[in-house]
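The values are calculated or read from the model by the stated rules, or taken from the named source; none is laboratory data. Because the structure is a prediction, the values reported are computed rather than measured. Neighbour counts run over all protein chains shown; Cβ positions are idealised from the backbone, glycine included. The area values use the complete protein model at the heavy-atom level, side chains included, leaving out ligands, DNA and RNA. Shrake-Rupley method; radii C 1.70, N 1.55, O 1.52, S 1.80 Å.
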Amino acid sequence: AAQYYDKALKYCAAGFMEYPQTTLDFVSSHQKLLAKSSGRILRWSALLKTFISIRLNLSMTLLKEPLNDFIDAREQAELSLEELKPFCKSKGVVLTGRKLKKIREGEPEQTFIDAKKFQAKAYFRLGCAQIQLGDYSEAVQSFQECLAATRELHPDEKPDNAVMRQILEATRLMRNQKKRRRKSSEGDKII
């Protein structure tokens, strides 16, 4: 499955590549937009949604047996979050400019909803990878960001049980790690 997701990423990336000579208007206009924004994609489109979805599915696949490639899983989740950043500020707004300091208003509300759903999923994948890499405090923070993104869309719903279980697991592992460090540092003091 990871090979198929990787191949799909390559196909999607072709939509964002720069072509030196093209007579296709949609490609040249897309290239101009990318050049203005330092290569950032600042228009919500089916291609961008597909690209992010594939990254998140690849991240999930990399977290599982037999791959267990936690570093690449983390990277795919982080790349997804970076792509989503301009669309997750608030409803009807997209951050623009090279450093995302400018605001473009009038974006459809559905863009924000879709982006927040992807953001929650990306933070969940990131947290899962961070647990596997032993970055427990970062994992707790990622899972809390996942809950925050979901809460923004559905303020009255109770938190997802899977996310809460992951927070508890990361917190438990973090406590155990601190205990082991204290014990090893106490052992060093005795010597």
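Report the GluC sites (Glu not before Pro) located in segment 84-191 that are in a DSSP loop and have at most 14 other Cβ atoms inside 10 Å of their Cβ, or state none.
Numbers: sites: GLU105, GLU109, GLU138, GLU145, GLU152, GLU157, GLU169, GLU186; in loops: GLU157.
In loop regions of segment 84-191 (DSSP not H, G, I, E or B), the sparsely surrounded GluC sites (Glu not before Pro) are GLU157.
By the rule of a C-alpha distance below 19 Å, with chain neighbours fewer than 8 residues away ignored, the lysines paired with LYS7 are LYS49, LYS64.
Give me the one-decimal nm value for the distance between modelled label points at LYS64 and SER90, 7 Å along each residue's Cα-to-Cβ direction. Going from the LYS64 label point to the SER90 one covers 4.0 nm.
Taking the charge dipole of segment 111-182 about its Cα centre, with +1 at Lys and Arg Cβ atoms and -1 at Asp and Glu Cβ atoms, the residue from GLN166, THR150, ILE113 reaching farthest to the positive side is GLN166.
Within segment 68-94, list the residues whose amide N lies under 20 Å from a label point set 7 Å along Cα→Cβ of ARG180. So the set is 68-71.
Can you give me the % of accessible surface on segment 97-187 that is carbon or sulfur? Probe 1.4 Å, all protein chains present, nothing else counted. Mind dumping the intermediate values first?
Working: 2760 of 5830 Å².
Whole-percent figure for carbon plus sulfur exposure: 47.
Assuming charge only on the beta carbon of Lys and Arg (+1) and of Asp and Glu (-1), the dipole of segment 54-139 about its Cα centre is about 500 debye to the nearest 20.
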